[in-house]
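Everything on this sheet refers to the single structure shown next.
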Amino acid sequence: MWLVAVLVVVYTTAGGLSLLRIIRGPSVLDRVVASDVLVATLMCALGTEMAVTGHVWAMPILLVLAMFGVVGAFAVARFLATARDPLRDGDGPAGPDPAVPAGPDGERRRP
């Protein structure tokens, strides 16, 4: 039973630190990774509870949490892939790159 007590402390600490990172940030990517860690921690806690008590009533909850984790990661990856990248678009830290020609609308785009 001491192992269960240790796991409760570990899961509580991981969940608390994940919530702290979600609240404090500083970036969106930090918050997304922390939410994935929080979902994984919840899944581990439910799996441990199922193993200790010997029942399987939480299996649908585990499947839904896994689905949210995967779909959330894909959604964030897609969002970050379509976000404007100033270095890719020809705007560096010093402004527009003169080597990149401007298009008909005046925007500078790399070929």
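Bear in mind that the values in this text are calculations on the coordinates, not laboratory data. Bear in mind the structure is a predicted one, so any value in this text is a computation, not a measurement. Note: ideal-geometry Cβ built from the backbone for every residue, glycine included; neighbour counts use all protein chains shown.
Return the FRET efficiency for the residue pair LEU19, THR82: r is the Cβ-Cβ distance, R0 is 22 Å, and the value is rounded to the nearest 0.05.
Result of the calculation: an efficiency of 0.20.
In segment 11-64, inverting the average of 1/r over every pair of distinct C-alpha atoms gives 11.9 Å as the Kirkwood radius.
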